[in-house]
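Asks: My questions all concern the structure below.
Bear in mind these aren't lab numbers, they're just calculated from the coordinates by the rules spelled out. Predicted, not measured: the structure shown is a model, and the values here were computed from it. We place every Cβ from the backbone using ideal geometry, glycine too, and count neighbours over all the protein chains shown.
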Amino acid sequence: MPAPAPVPALESDQPDFTAVPERAKWRYKPRKAFWRSRLVRAVALITVLALCALAILALVREQTGTEGFLVGLGLAVLPVPLLMAAFRWLDRVEPAPWKNLLFALAWGAFASTLVAILANSFAVEWISSATADPGSADTLGATAVAPVVEETAKGAAVLLLFLFRRRDFTGPVDGLVYAGFTATGFAFTENILYLGNAFGEDQEFGAAGLGSITVGTFFVRIIMSPFAHPLFTSLTGLGFGFAALLPVTARARRTRLVLLPLGGLLLAMGMHALWNGSATFHPLAFLLVYGMFMVPVFALLTWLAIWSRQKELRTISGELPAYASAGWLAHDEPLALSSMRARALARGYAARSFGKPGAQAVGEYEAFATTLAFLRHRARRGQAAPDFTAREQELLHHLWQRRQVASPALTHAARVTGRVWVPPQYLDYGGYNPYRS
């Protein structure tokens, strides 16, 4: 493991960072070609997603009818806020930018579902014409074709974020969150289709309002298994997340870019195929797979996600003391920043003392300190970017601008929660040492 980069010394009361531009342009931005600019990429991406949205909504409305589409939309949207809140809670330590999360959600809801519907329909029609057996074609399409197509389409969003938002993709938690948002969007659009078709079938049988088919579909897809698609795609996200932890070497690069993400994708496809197959063959098989396989795997992934979040907090408490020793942080701040409860208490203390701007300043201070800790941790693992020094100075500049409000608040929170720095017993306290015999 390479030695960590030296911490900049605090030589004066006011730092003079020549690499940091004016306040309005604090963000470090290396020069890029025009075609690589964020504006050009954002416009192109929004255009593609908008076209996919128009196409998929037209297809779903054509299959379900206007009334079925509206009913499916109203029912399918119910689990979306809950799933988004759960993944956002998991990502509280170092929250991912909302633009990345919204991209993942939109990709899953529009681009992935469009590819899945077109590819699945083509494959089922081809199998049906080749075998002259529509029944077996539907079964084969659900168990063999759909898992491959859908997990690949959803995994493309995670791959794009891994390649083009590498700074925001640092470990398994990020992989789980991005995969979860993508799968939540995919499940939302798919549920509109299933619930809308179920409502149409109830209307054909003369049911008034929501019939038994719609209620049964709602129970299975919304109540029993809202986590199904997020669970499948989370395996792909974990593959990319663990790949992000590997050092940048020739051998590890090959493993990172191929083996780990591909392994996660294959596991996602296998679990998806098992789930679809159990629902296709027999209701008892579905319940058996649900109780003996899906629930334990879901519990295991939940434990892994919480463990990964705790590991992120331990990274903060392990990396920031170097900056506290250099004078950039108070000694109690790293311990307070590694506790979600202490962070919340610090924001509350600042809100009572300075109002909403104070709480906002402390929240920004916590975010920048967390980013600084992970930046140094990546450098320790041999993943330091070429702009490491400039990024470090930028983050220290952000902390310095807010430390007058944030440092007392975090110190107070550390003392309230008992997370205080205890000096070694062998130090001489101004000539008096109570530990000296």
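Asks: Calculate one ³J(HN,Hα) per residue across segment 276-286 by plugging θ = phi - 60° into the Karplus curve 6.51 cos²θ - 1.76 cosθ + 1.60, and present them in order as whole Hz with x for glycine and proline.
Replies: Coupling constants for segment 276-286: 5, x, 5, 6, 7, 7, 7, x, 5, 5, 4 Hz.
Asks: With the contact rule set at Cα under 8 Å and sequence spacing of 6 or more, what percent relative contact order holds for segment 277-395?
Replies: In percent, rounded to a whole number, it is 18.
Asks: What is the percent of Cα-Cα separations in segment 320-416 that go past 18 Å?
Replies: 42
Asks: Right, something else. At a threshold of 8 angstrom on Cα-Cα distance, excluding pairs fewer than six apart, so keeping six or more, what relative contact order does the chain reach in percent?
Replies: For the chain, the relative contact order is 19 percent.
Asks: If you don't mind, there's one more thing I want to ask. Binning at 10 Å from 0, report for segment 222-320 what percent of all alpha-carbon pair distances ends up in each bin.
Replies: P(r) over segment 222-320, rounded to whole percents: 14, 36, 29, 15, 5, 0.
Asks: Where does the Debye-calculated log10 I(q)/I(0) of the chain sit at q = 0.06, 0.07 Å⁻¹, using only Cα point scatterers of equal weight, no solvent?
Replies: The computed values of log10 I(q)/I(0) come out as -0.33, -0.44.
Asks: Taking amide H positions as placed 1.01 Å from N in the peptide plane, with prolines and chain starts having none, which residues 5 or more places from GLU94, or on another chain, fall under 5 Å of its amide H?
Replies: none
Asks: What ³J(HN,Hα) values, in whole Hz, does the Karplus curve 6.51 cos²θ - 1.76 cosθ + 1.60 give for segment 65-77 when θ = phi - 60°, with x put for Gly and Pro?
Replies: Values per residue, Gly and Pro as x: x, 5, 5, x, 4, 5, 5, x, 4, x, 7, 6, 6 Hz.
Asks: May I pose another question? So for the pair GLU204, ARG415, with labels modelled 7 Å out along Cα→Cβ, what separation do we get in nm?
Replies: About 7.2 nm, to one decimal.
Asks: Between THR66 and SER317, 0.36 nm times their residue separation minus their Cα-Cα distance comes to what?
Replies: Contour length minus Cα-Cα distance gives 84.9 nm.
Asks: Something else now. Taking Cα atoms of segment 141-243, Rg/Rh with Kirkwood Rh, to two decimals?
Replies: Ratio value, two decimals: 1.12.
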